[in-house]
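J.: Sharing a structure below in structure tokens format, with a few things to ask.
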Amino acid sequence: AIGQHPEANWSVTELAGLCGYHAIYFSSLFKKCTGVTPKQYLISERIRKAKYHLLQGEKMERIAERLGYASIHYFSRNFKDETGLTPTEFKQQEHEI
């Protein structure tokens with residue numbers, strides 16, 4: 001569900017419900033299986049898709065909106081936390097390679 005719809009603001013309760021589990025058990029099982037929390041996994045999926053859209057030349061504002069971010073600032077902060085680069089730096093680095 002996260003991979004298909006990373007733009008959705010998934011709650012742990014919603015995700016757990018899709019699997020037929022209680023939210024607390026789901027969170028524990030999810031982290032045990034993936035090594036990250038459901039929230040971190042969602043952020044990672046969003047940033048993975050953001051990289052693709054950045055390399056396709058889309059504007060950051062459109063990407064942030066497309067991936068469910070309320071603000072470009074929050075998108076940029078998540079991107080930098082995840083990749084170590086701002087979206088602009090990422091785009092420039094890819095053109096240099």
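The values are calculated or read from the model by the stated rules, or taken from the named source; none is laboratory data. No experiment lies behind these values; they were computed from the predicted model shown. Cβ: placed from backbone, ideal geometry, glycine included. Neighbour counts: every protein chain shown. Please note that ligands, DNA and RNA were not included when accessible areas were found on the heavy atoms of the full protein model with its side chains. Shrake-Rupley method; radii C 1.70, N 1.55, O 1.52, S 1.80 Å.
J.: With the requirement that a residue be farther than 19 Å from Gly3 by Cα and either charged (D, E, K, R) or in contact with a strand residue (DSSP E or B) (Cβ under 9 Å, 6 or more places away or on another chain) (or both), what does region 63-96 give you?
T.: Once the filter is applied, which keeps residues that are farther than 19 Å from Gly3 by Cα and either charged (D, E, K, R) or in contact with a strand residue (DSSP E or B) (Cβ under 9 Å, 6 or more places away or on another chain) (or both), region 63-96 yields Arg77, Lys80, Asp81, Glu89, Lys91, Glu94, Glu96.
J.: Are any residues in region 49-80 under 12 Å from the mean Cα position of the chain (by Cα), touching a residue at least 12 places away in the same chain (Cβ under 8 Å) and open to solvent by 40 Å² or more (accessible area, probe 1.4 Å), and if so, which ones?
T.: Lys49, Lys51, Arg66
J.: For the condition over 22 Å from Val12 (Cα atoms) and assigned to a helix (DSSP H, G or I), what is the one hit in Lys32, Lys91?
T.: Selected residue: Lys91, the only one of Lys32, Lys91 that is over 22 Å from Val12 (Cα atoms) and assigned to a helix (DSSP H, G or I).
J.: Restricting attention to region 17-48, and to residues there that are farther than 22 Å from Lys80 by Cβ and basic (Lys, Arg), which single residue is least open to solvent (accessible area, probe 1.4 Å)?
T.: So, considering only residues that are farther than 22 Å from Lys80 by Cβ and basic (Lys, Arg), the one least open to solvent (accessible area, probe 1.4 Å) is Lys31.
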